[in-house]
Structure formats: structure tokens, C-alpha cells
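Novice: So that we are looking at the same thing, I have put the structure below in C-alpha cells.
The values are calculated or read from the model by the stated rules, or taken from the named source; none is laboratory data. The model shown is predicted, which means the values in this text are computed figures rather than measured ones. All Cβ positions, glycine included, derive from the backbone under ideal geometry; neighbour counts span all protein chains shown.
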Amino acid sequence: MARFRLFLLLLLALPPQPSSLPWPDTAQGTMAGLILTALEKATLFLEDRLPAINLDGAVGFQVLEVQLKGVHEKWASNPLLQPLSFRAEQLAKTLSALLQKSIFYLKQSDPTYLREFQPSIQPGFWKLPHAWRRTNASLVYPWLEPLDSFSEESSDACLVQLLGTGTDSSQPCRLSNFCRTLMTKAGCSGYSLSHQLLFFLWARMQGCTQGLFHQSQHYMDVFCANMMELNRRAEAMGYTYPTQDLFMENIMFCGMAGFSDFYKLHWLEAILSWQKPLAGCFGKPDAKRELLEGTPHRQGILRRIRRWEKLFTDGCSCHNTATAVAALGGFLYILAEYHPDNGEPHPPTQSPESDYQDGATMPEVQRIGRPLRVSS
Ligand SMILES: *[C@@H]1O[C@H](CO)[C@@H](O)[C@H](O)[C@H]1NC(C)=O
């Protein structure tokens, strides 16, 4: 990885380039190529393990498919970007076919969980953000509840209510008092916090606007400010396993919620360096497989990830890979947003506020029948 790190650092150190340079030859173009290569490898992993992939794994790749379609849409009109655009389009098509197939396996392994959460792997559910914003540090909690203060079961039950996929045949966007209290509770951290954000993010995807959901943006501002704080701490502590998983989940969720400051170049560099070069997956950094049950706070995290986590014997993790590809897809999308068609290229962290297209309203992705050209 050392050579790779050096390469990225060199890219970051490059002086600003004249916008007359063809975009694929810029640092941004090189980065887009690196991200695409990582995503193509991860997709081979998905294909290889498809029968064993759980639903949470599939969700990450569904988000990636949406991001790739958005990227292709932005690049398709620029002849210089044809090779990159073609790769994004091909990958989105491959994913679409694989995800269709995965439903067959998920039906067999856990039909109830599939029924409850199927909307989240359905095409059209996830939409790219309408506009970018940044987190506001003054919303960071001055104190925290004990780590992961609510259970996975409660959080799942509230998401099922929201999606309207329970057995009581109720409408989507329903909100019990229990869920209102749980999902707006202050001082949460870890996966409790990321699931509070997910709840309001899915409310947006589902089109819930009544009652509490009037204030969805406010809660998302609060939760993502705190998720940013946790990610900064994870970085400061050297991204120790299993913190990487939550770190990438926070980028995936807050990125899809429109917070551009989660797309930091050095975070991109870190995530790319975690990919297992042979398997193409993300997971446990080394061969040690004993569970980390030594310390209570680690037990807390493991208790929460047990149900939806699936760890293969080679250390590949379904959930890690899912959050990684959706985080990387977000990096690619924000790069595509800022290619110099409309001005200077911006590295991800310097992205200004701008409006951008909603994935749901995009016209049908155009087929391009051109052969793949080798980028110069
Ligand atoms: C950040 O949040 C605080 C507290 O709600 C608010 O007063 C401030 O205007 C916000 N800053 C920005 C830049 O939005």
C-alpha cells in the first residue's frame, strides 16, 4: 500500500491545472479511474459470493448502482470522458443484473427480512441528493449517551413502520410515539446515531413529509454533524478495526443525505487502501479471526453487528464491502459533479453549494454503442 499512498499524495500535491487540459488527464480524472477500478474489483467479489451476500450487503451495491447511473449521466455528453463514462455505465448494468439475481437467494435465506426491507434494494428507492450542504460543528452534542444506547430490533421495527412493510398492512410514513422518541433522542453515537440518520434519510426517499418529517432536515443536520465528529475521532485514532465499518457507513449515509464535507480526499485515500487486493472486498485487516471480546465497549459494537454482519473465512465482510462501495460511489459522484464543464475542477473537500439533479428525475440513461477507448 505504501506505493499507492505515495501516488495519491503526489496527486494531491499537484498544482492547480489549467482547465484547458483534457479532464481525464487531470488529477481528478486519475482519481476517478482509481475509484472505478476499486469498484469493478468489489463488483467481482459480489458476483463471486452472490448466493452468500446478505441484504445489507445488497443495499450498499444498490446505492452504488444509483451513483454510477448519476455519474454516467453527467459524463455521457463529454466526448473526452467516454472511456470513464462507458466503464461507469457497464458497471451499473452489471450491478443491476446481479442485484436482480440476489433477490432469489435472499428469498431463500431470510424471506421475512427481505419482505421488510426489499424497498431499500429496489431500483428507484435511493435518490441522489438535490443540493449539497456542509455539517455545522456547533450542533455537536456536548455529552454522549453510553455507546449504542438502543437495540437493533427497535431500530429495525421503526424502519419497517416507516416503509410500511410490516404484516399489519399499514401505510408507509407511520410513526409511533416509541419510534419518535427513539429516532430523535439526543446524545446517541455509534450505530444508534447512524440509524437515526438512516431513518430520516429513508423518510426522505419514501416521500414522508408530514408531522415530525417537516423537521427531517433539522435532524439530519444534527445527526450528520455528530457523525462527522465521530469520523474525525476515528481518523485521529488510526481507524482501528472495527471502527472502519461505522466510519464508511457514516460517509455512505451522510453523503447520500447531501453533506459534501464527508468526501475528504484523505478519507478516500484511506478507504482505497483498505480494499483486499486479491478478493476485492473490504473486511478484517489481518488473518486474526478471534472475536474481539476483551473490552466492554467493543462487545457493544459486536453485539450490534452480529445479525447483519457476515464475515467470510478470508476476512471479507459483507457489511464492510457494502459501506465501502457506497462511500466510494459517492466520491465518484461528487467528482463527476465538479468536472470542469462548468468552471474550475474542485477537489471533493472544496465543493461549493450547488444544485444538482435528482436521480429520480433523470431521463433514461442513454445507451452508447461505442467501443471502449484506452484513456491517454
Ligand atoms: C450552525 O448552527 C448554529 C446553531 O443552530 C446556528 O446558529 C448557525 O447559524 C449555524 N451555522 C451555519 C453556518 O449554518
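Novice: Show the residue pairs meeting these rules: Cβ distance below 6 Å; 6+ apart or different chains; first residue within the stretch 114-141 and assigned to a loop (DSSP other than H, G, I, E, B); second residue within 10 Å of the ligand (Cβ to nearest atom).
Specialist: The qualifying pairs are Thr135/Ala225; Asn136/Ala225; Val140/Ala225.
Novice: Grab the helices (runs of 4 or more DSSP H) fully contained in the stretch 155-270, keeping just those with 2 or more residues being closer than 29 Å to Leu332 by Cα.
Specialist: Correct list: 190-206, 216-236, 243-256.
Novice: Would you check which residues across the stretch 116-150 are more than 22 Å from the chain's Cα centre (by Cα) and away from the ligand (no atom under 16 Å from the Cβ) and list them?
Specialist: Those that are more than 22 Å from the chain's Cα centre (by Cα) and away from the ligand (no atom under 16 Å from the Cβ): Trp143, Leu144, Glu145, Pro146, Leu147, Ser149, Phe150.
Novice: When the residues of the stretch 156-169 are filtered to those that are over 17 Å from Gly211 (Cα atoms) and surrounded by 12 or more Cβ atoms within 10 Å (Cβ to Cβ), which remaining residue is nearest to the chain's Cα centre (by Cα)?
Specialist: Step by step, filter the stretch 156-169, then rank; the result is Asp156.
Novice: Among Arg303, Arg298, Arg307, which is in a loop (DSSP other than H, G, I, E, B), at pLDDT below 90 and on the phi < 0 side of the Ramachandran plot?
Specialist: Residue meeting the stated conditions: Arg307.
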